[in-house]
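The values are calculated or read from the model by the stated rules, or taken from the named source; none is laboratory data. Since this is a predicted model, take the numbers as computed values, not measurements. Neighbour counts run over all protein chains shown; Cβ positions are idealised from the backbone, glycine included. Heavy atoms of the whole protein, side chains included, go into the accessibility calculation; ligands, DNA and RNA do not. Shrake-Rupley method; radii C 1.70, N 1.55, O 1.52, S 1.80 Å.
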Amino acid sequence: MIPPCDILVLGGGIAGIAAALAISKELSPKVPGLKITIFELHNVPSTSGGAINLNPAAQRHLHHLGVLDELDKMGADGGAEVDQVEMFSIHSGRRLGRVDFSGKDGKGYGGYKARRVMRISLHLALLATAEKASNIDVKFGKKVVDGVESEEKVTIFFEDGTNAVGDLALGCDGVHSPTRMKLVDPSTPSEYTGICFIQTTIKANRINAPVHFKTTAMNRSRHGGLLTTYCHKNKEDIFVAALAEVDAADISHETFCPRNRDSIRHRRTTSERLRDEVCERFNDCGIPCVQEMLEKSLNWALYPVYQLPPDRKWHTERTLLLGDAAHAMPPRDESAAFALDDAILFSRILSLYIHQPISDAFAVYEYIRRSPVTKAYNSSNVTWMSNKGTGRWTNRLEEWMTPWQLYKDKKARIGAWEFDASTLYIPPPPKEPSLSSLEDK
Ligand SMILES: Cc1cc2nc3c(=O)[nH]c(=O)nc-3n(C[C@H](O)[C@H](O)[C@H](O)COP(=O)(O)OP(=O)(O)OC[C@H]3O[C@@H](n4cnc5c(N)ncnc54)[C@H](O)[C@@H]3O)c2cc1C
């Protein structure tokens, strides 16, 4: 078998750039003339999206790819170290529990704690690392619209009328993936989870009341959670995000309207309407600094959260979906880690199966990856749905049960944080004949 040497990466987000970096790292010594091209929809790196929490596994994998060094070079923009996510009742201000990233020795899991960083900083660090690899090329302003496969090649078509031909394509184009919808599995569109992030950032020095958390707090109410967190090393800005149930009919940014406030709909900007909504939902707030953050914040934005049903198709003969394009699940602190795991694991498998048909590498990848992804999906879903509104008494009960819930999930959480895609055992390829020729028989 001739090794794949022209690899098309569709989408330049976390999964796409990480896949290009990981493949470059694994295949460069084995495939002379290796060429990896990333095709990204946006014309420039996108600055939207707020802050993201990188768990210990995500940090370890970013280190493996050389990205963490780039983040560290950014100084304050490289993000705030997170020892723990503290949980509070927004109504009473009572501390309910915490998710601890520092571990028994205070050094984290596998040497890493968590980090909260603005998405744009992470993206720029990924791009800076990719720029250093001579065989990775990033093409911006390339919107994937279709694709077709032959026995030997895959051809991807772009909105500007151009196309690209490669030996294999990786669909890393997010939850609404056109690669999935056009090439791999048109029967699996994304589904709205019923919950949105309504988010903003505010300068920390505008808050007069003492801040009630060290780096990150999840403040629970019966109308959903309210995340308040620093996102820079110097704690200059506070990222505020309400996780709130919003009707599907209201999720357009242009037309969003707080419930029962039709009369003011046309007199206020979208950002003001979003702030009205958050203030109304969390109006029984008993934490003074949070109250201030809600009242003083401007520039609120709405992010409806989508997911995919589990256990759907991930690949064809020459195209594989990675990251959210394959398995978008409700965000906790681990979806980005999953995109990085995918990238590192697949590149190692591709390298080991370099002389086998590409579909063998895809099959082994799916064999290893399917079960942990499905388990994570199921557990994310339960936590996520708790952001849907509940009654006063159900909420009290849930608050009361938080320590028990955290204790129950602790083992699975730590298992995910300690996961290392760069060392996981991969079954070696059979000497001869290949898996696919056996299937043919
Ligand atoms: C509101 C919110 C908060 C989250 N918070 C966290 C968190 O705190 N921690 C965490 O670990 N995870 C979090 N996640 C999940 C995490 O952001 C995703 O799992 C992660 O970004 C997946 O990376 P990806 O590269 O697969 O997809 P994306 O990040 O969506 O990247 C897809 C890329 O493909 C490009 N693209 C799309 N369509 C096309 C096209 N037609 N042609 C070319 N390119 C295209 C996009 O522009 C983008 O660059 C959150 C998700 C959401 C929605």
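Annotations for the structure displayed:
- One residue alone among Val82, Val44, Val67 is surrounded by fewer than 20 Cβ atoms within 10 Å (Cβ to Cβ) and among the β-branched types (Val, Ile, Thr), and that residue is Val44.
- Per the listing Lys153, Lys182, Lys132, the residue uniquely of a type in the set (Lys, Arg), farther than 12 Å from Thr319 by Cα and in contact (Cβ under 8 Å) with a residue 24 or more places away in the chain is Lys132.
- Output for the stretch 233-254, where each listed residue is buried (at least 22 other Cβ atoms within 10 Å of the Cβ) and out of contact with any strand residue (DSSP E or B) (no Cβ under 6 Å at 6 or more places or on another chain): none
- Test: residue in the stretch 138-153 that is closer than 26 Å to Ala416 by Cβ and either more than 14 Å from the ligand (Cβ to nearest atom) or not in a loop (DSSP other than H, G, I, E, B) (or both): no
- Within the stretch 10-19, the set of residues being of a type in the set (Gly, Ala, Ser) and over 21 Å from Thr423 (Cβ atoms) comprises Gly11, Gly12, Gly13, Gly16.
- Of the listed requirements (1) under 27 Å from Asp284 (Cα atoms); (2) within 11 Å of the ligand (Cβ to nearest atom); (3) in contact (Cβ under 8 Å) with a residue 40 or more places away in the chain, Leu227 misses just one: (3).
- For Cys279, the criteria (1) within 16 Å of the ligand (Cβ to nearest atom); (2) within 25 Å of Leu226 (Cβ to Cβ); (3) open to solvent by 30 Å² or more (accessible area, probe 1.4 Å) hold in every case but one, which is (1).
- Scanning the stretch 156-177 for residues that are without any contact (Cβ under 8 Å) to a residue 40 or more places away in the chain and at negative phi gives Phe157, Glu159, Asp160, Thr162, Asn163.
- Candidates Phe197, Phe157, Phe140: the one that is surrounded by fewer than 22 Cβ atoms within 10 Å (Cβ to Cβ) and at pLDDT below 95 is Phe197.
- Any hit, the stretch 396-415, residues being closer than 30 Å to Ser24 by Cβ, open to solvent by 30 Å² or more (accessible area, probe 1.4 Å) and within 26 Å of the chain's Cα centre (by Cα): yes
- Subset of the stretch 4-20 [more than 6 Å from the ligand (Cβ to nearest atom) and crowded, with 24+ Cβ neighbours inside 10 Å]: Ile7, Leu8, Val9, Ile17, Ala18, Ala19, Ala20
- Counting only strands (runs of 3 or more DSSP E) wholly contained in the stretch 30-121, the ones carrying 3 or more residues that are closer than 30 Å to Lys142 by Cβ and more than 10 Å from the ligand (Cβ to nearest atom) occupy 35-39.
- Every pair of residues 6+ apart whose Cβ atoms lie under 9 Å, when the first sits in the stretch 73-92 and is closer than 17 Å to Cys285 by Cα while the second is assigned to a helix (DSSP H, G or I) and among the β-branched types (Val, Ile, Thr): Met87/Thr402; Phe88/Val290; Ser89/Thr402; Ile90/Val290
- Residue within the stretch 166-185 that is out of contact with any helix residue (DSSP H, G or I) (no Cβ under 8 Å at 6 or more places or on another chain) and part of a loop (DSSP other than H, G, I, E, B) present: yes
Let's see how each residue does on (1) in contact with a Pro (Cβ under 9 Å, 6 or more places away or on another chain); (2) within 30 Å of Val278 (Cβ to Cβ); (3) among the acidic types (Asp, Glu):
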| site | (1), (2), (3) |
| --- | --- |
| Val31 | yes, no, no |
| Phe39 | no, no, no |
| His42 | no, yes, no |
| Pro45 | no, yes, no |
| Ala57 | no, no, no |
| Asp69 | no, no, yes |
| Glu81 | no, yes, yes |
| Ser92 | no, yes, no |
| Lys132 | no, no, no |
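- Selection of helices (runs of 4 or more DSSP H) fully inside the stretch 295-391 by the criterion of at least 2 residues being closer than 25 Å to Val144 by Cα, of a type in the set (Phe, Trp, Tyr) and more than 14 Å from the ligand (Cβ to nearest atom) returns 358-385.
- Some residue of the stretch 170-189 being within 9 Å of the ligand (Cβ to nearest atom), over 23 Å from Leu308 (Cβ atoms) and open to solvent by 50 Å² or more (accessible area, probe 1.4 Å): no
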